[in-house]
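Student: First the structure, which I've put down as structure tokens, then a few questions once you've had a look.
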Amino acid sequence: MTEEEYIILYEKRAKGTCSGSELSRLEAFEKFQLTHENWDWDESMGEKETVKQQLLQGIEQSLRSSVGKRTQWSVWSSAAAAIILLAIGFIWYTKEPAINREQKERHNDVASGYDKARLTLGNGATMELNGKERGSLLKDSYLEVLSAADGQLIYRFNDAVDMEEENWSTLETPKGGQYQLQLPDGSKVWLNASSSLRFSNEFNRNERIVELQGEAYFEVSKSSKPFRVVAGGTEVVVLGTHFNISAYQDDQLTKTTLLAGAVKVIRHGTNRLLKPGEQALVQGEETDISILRVDTEEAVAWHHGLFMFTNEDIRSVMKKIQRWYDVEVVYEKNITNYQLSGSISRYGDIKDVLQMLELTGIVHFKKEGRRIVVMK
């Protein structure tokens, strides 16, 4: 996040115009800054640790609150922003200039992922995206692709034009990438690292259907046309809701987590209806759909700019880190299925995340360039 971006979001919050995702991103950034120890303190602000803990408790409560219930944090968030602006030499860590990333690589450090993706159109044309594009990127008789001020990719079709044949577009993020897309019906999709979303030029004409590989958070616009997501051999059907799907091929597990509204999960003829706060699990090629009550904020922590783990297997944790930082992870032979818990910003350098995990005393790491060795 650049200083300019922070100030824009700070002012939007003061006016009450921040979207849920913008507010989450802002608070995740402030949490990271407040937990960073290398900053000076103005004693006139009060006792350092007391003020920090009060602010962090407010941020934690807001980050874990339900969708649409974020206003109670407004007073404390202004205080947090004021202290950060006055007391911290900012550690800008997302959308940073390429030269800074190159410098970090030369100093044997690994920077976090950032907004980057590739859009492949139905005619085979491709566009490399980095979130800095603005305005119309492509326009013809039936399609217009735009990039908004917040880096969001907006896809629009001209419904008055009849296409002779169906073709599909794909937005894909690499390891170390993420991206936001607005579909022609107004639905918003946030793609996590190493993921892809595929949709056709017929989207929103007769039905709304997308194909997902990897992980994405959806905010679906209400419509009389069902919205269908096909992921990992599972189909999720909704009318309008907020939910997250994780369907990475190397996980052999498809997880659908519902935050608001209702969705139907379909698997080989079996279907289950999810309620808010529930998660549907499908293992490998199995037909059974398991339903669990879960912490939804943990399931969408990546969307809020956080890594969040609760008794999670070390190999599962490291897969997430591997995708986001684009690193290789190897394990010493004596590593077992350690369970880890904790939370930290996704936008710090990888050393910050590894140090947090080492504080558990359960596991240690050796970093060799972009290779991370997991040790007992």
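Taken together, the values in this text are just the output of simple stated rules run on the coordinates, not laboratory data. Keep in mind it's a predicted model, so treat the numbers as computed, not measured. Backbone-built Cβ (ideal geometry, glycine too); neighbour counts: all protein chains shown.
Student: Show the residues, 5+ positions off or on another chain, whose built amide H is closer than 5 Å to the amide H of MET375.
Tutor: The list, which skips near neighbours in sequence, is HIS364, PHE365, LYS366.
Student: Taking amide H positions as placed 1.01 Å from N in the peptide plane, with prolines and chain starts having none, which residues 5 or more places from ASN204, or on another chain, fall under 5 Å of its amide H?
Tutor: Long-range HN contacts for ASN204: ILE209.
Student: Between their Cα atoms, which of LYS175/LYS264; LYS222/LYS264; LYS333/LYS376; LYS15/LYS222; LYS255/LYS319; LYS175/LYS320 are more than 18 Å away from each other?
Tutor: Pairs exceeding 18 Å: LYS175/LYS264; LYS15/LYS222.
Student: Using the crude model of +1 on Lys and Arg Cβ and -1 on Asp and Glu Cβ, and no other charge, please compute the dipole size for the range 214-316 relative to its Cα centre, in debye to 20.
Tutor: The calculation lands at about 600 debye.
Student: Sticking with this structure for a sec: Give the value in nm², to one decimal: projected area of the alpha carbon convex hull of the range 241-306, averaged over all directions.
Tutor: About 4.4 nm², averaged over all directions.
Student: Kirkwood hydrodynamic radius, computed over distinct alpha-carbon pairs, for the range 151-263: how many Å, to one decimal?
Tutor: 14.3 Å
Student: Can you order the peptides 263-270, 211-218, 171-178 by their average number of other Cβ atoms within 10 Å per residue, highest first?
Tutor: Ranked by mean Cβ neighbours within 10 Å, highest first: 211-218, 171-178, 263-270.
Student: Only bridges whose two residues both fall in the range 308-376 count here: according to DSSP, what percent of them are antiparallel, nearest 5?
Tutor: Approximately 70 percent, going by the DSSP bridge assignments.
Student: Sticking with this structure for a sec: Amide H to amide H, which residues 5 or more places from ASP326 or on other chains are under 5 Å from it, using H placed in the peptide plane?
Tutor: Here the answer is GLY176, since their amide H atoms fall under 5 Å of that of ASP326.
Student: Below 8 Å between Cα atoms, with a sequence gap of 6+, how large is the relative contact order for the range 118-265 in percent?
Tutor: 14 percent
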